[in-house]
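J.: Let me begin by handing over the structure; questions about it come next.
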Amino acid sequence: MSNEYETLRWPTNMDRAAIVAKLVGIRESASGRGFPDLAGFFANVEDLPSAKVGASVISALTWLEGKPEHQEVGTQLSMVAMNLKNLK
């Protein structure tokens, strides 16, 4: 299944590498678009233990509440959150 059809109802089954890659992409996009607060949640995500990666995702989702301009990122992070059980 390609990411084209990825939705909250049918999220891609992500392993640790895919989760980290998604978060790095979000970080780079946020940084490039002038959202350092959002990018900061995922600083050094490549080197974080699983529990800290999960905490960063949940913290970012909490921060995004009430910010409709970041709806797309919120959806991506929700899909990542559904896969946090796969972090090892």
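J.: Using a 10 Å cut-off on Cβ atoms, rank the peptides 29-36, 13-20 from the highest mean neighbour count down. List each step's numbers first, then the result.
T.: Working: 29-36: 13.2, 13-20: 14.8.
The packing order, highest mean first, is 13-20, 29-36.
J.: Same structure, new question: Go through segment 26-42 residue by residue and turn each phi into a ³J(HN,Hα) via Karplus (6.51, -1.76, 1.60, θ = phi - 60°); whole Hz please, and just put x for glycine and proline.
T.: Once rounded to whole Hz, the list reads 5, 4, 5, 5, 4, 5, x, 9, x, 10, x, 4, 5, 4, x, 4, 10.
J.: Each label point is 7 Å from the Cα along the Cα-to-Cβ direction; what then is the distance between the points at Glu46 and Ala21, in nm?
T.: So the label points at Glu46 and Ala21 sit 1.4 nm apart.
J.: Next question, about the same structure. Treat each spin label as a single point 7 Å out from the Cα along the C-beta direction, and report the Arg33 to Asn13 distance in nm.
T.: So the two model labels end up 3.0 nm from each other.
Bear in mind these aren't lab numbers, they're just calculated from the coordinates by the rules spelled out. From a predicted model like this one, the values you see are computed outputs, not experimental measurements. Every residue, glycine among them, receives a Cβ derived from its backbone with ideal geometry; neighbour counts consider all protein chains shown.
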